[in-house]
Amino acid sequence: MSTTDFENQTAIVTGGAQGIGRAVAERLAAGGARVAIWDMDLDLAQQTARDLGKGATAVKVNVADWNSVSDAFVQTMQDLQRVDILINSAGIAGSNAPVADYDVEEFQHIVAVNLNGTFHVNKVVVPQMRSQNYGRIVNIASVAGKEGNPNASAYSASKAGVIGFTKSLGKELADCDVAVNCVTPAAARTRIFDQMAKEHIDFMLSKIPRGRFLELNEAAAMIVWLASAQNSFTTGGVFDLSGGRATY
């Protein structure tokens, strides 16, 4: 696994206990970064932090709750003193159903985690990043946010919101060395599949021209570059990881 130089840098990875978030956290730590794992599953986050070593920490956070995010940031600043990188990977898929049958409370919950949560964690780091004139933010959206998946309206809408939010914040911070970008992965085999019907998983696979799901290391490689100092010009961008499904 090739690594990028992250010596003397610090990172927050939401949803970092597993899946894409963990794969990114591993690469950041291998490059020398100190990493704070923000996750709802504290036990798993603590195990991930132990595996990472190098002063990695774990914090239980509900990204849908602003007070939880704000408290986590205070704790992380006490541990790390500064934050250079935010990887926002926390998210949920929800169940699959047509709009006419979709549970209202579940729809609102998915938006609260995926979109409001993105707003919360971006909002909490921006003042500090601007004050130090350096930061790299990568939000994990989805190809569903570009194309819309049938029977997944809440997830698709929330991830489309993440794309629009990222473009907006990228423009707001373009006058300083803070880059804000997002990626739009196709599905990868993570625990999020546990929330989906088999028919929906099969549908997603059928739409990928490469004929396979995304590998975690493939996603991590792109995300880590976006989080590096090498990404000194691109901001407000949307980077595709859909295996040819979306080409824009």
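The values are calculated or read from the model by the stated rules, or taken from the named source; none is laboratory data. Please read all numbers here as calculations on a predicted model, not as lab measurements. Glycine also receives a Cβ, built like all others from the backbone with ideal geometry; neighbour counts cover every protein chain displayed. Protein only, heavy atoms only, side chains kept; ligands, DNA and RNA dropped before computing areas. Shrake-Rupley method; radii C 1.70, N 1.55, O 1.52, S 1.80 Å.
General remarks:
- When peptides 163-170, 228-235 are sorted by average Cβ neighbour count within 10 Å, with the highest value leading, the order is 163-170, 228-235.
- Considering only beta bridges that DSSP places wholly inside the range 1-144, some 0 percent are antiparallel.
- Rounded accessible area per residue of the chain, 1.4 Å, Å²: 43 Å²
- Expected-Rg normalisation [2.2 N^0.38 Å, Cα atoms] applied to the range 32-151: 1.18
- Nearest-0.05 FRET efficiency for K54 and T234, computed from C-beta distance (R0 30 Å): 0.60
- Around A45: net Lys/Arg minus Asp/Glu count, Cβ-Cβ under 12 Å: -1
- Once the Cα atoms are used to define both axes, helix 66-80 deviates from the longest principal axis of the chain by about 40 degrees.
- Length gained when the stretch H109-N217 is fully extended (0.36 nm per residue, less Cα-Cα span): 36.0 nm
- Net charge dipole, the chain: roughly 500 debye, given to the nearest 20, about the Cα centre with Cβ charges of +1 for Lys and Arg and -1 for Asp and Glu.
- Neighbours of N181, meaning other residues whose beta-carbon lies under 14 angstrom from its beta-carbon, give a summed charge of 0 when Lys and Arg score +1 and Asp and Glu score -1.
- In degrees, nearest ten, helix 153-172 long axis to first principal axis of the chain (Cα): 30 degrees
- Within the range 15-90, the proportion of C-alpha pairs whose separation exceeds 18 Å stands at 29%.
- Taking only Cα atoms of the range 125-228, radius of gyration then Dmax in Å: 15.6, 48
- Degrees between helix 19-30 axis and first principal axis of the chain (Cα, 0 to 90, nearest 10): 20 degrees
- Surface accessible to a 1.4 Å probe, L28 within the full protein complex, Å²: 0 Å²
- Take the Cβ atoms of C176 and E7, set R0 to 25 Å, and the FRET efficiency comes out at 0.65.
- In terms of packing, defined here as the mean over residues of other Cβ atoms within 10 angstrom, the peptides 64-70, 134-140, 152-158 line up highest first as 134-140, 152-158, 64-70.
- Computed over neighbours whose Cβ is under 15 Å from that of A33, the net charge equals 0, Lys and Arg +1, Asp and Glu -1.
- Counting Cα-Cα pairs of the chain in 5 Å increments starting at 0 gives whole-percent bin shares of 1, 7, 15, 19, 21, 17, 11, 6, 2, 0, 0.
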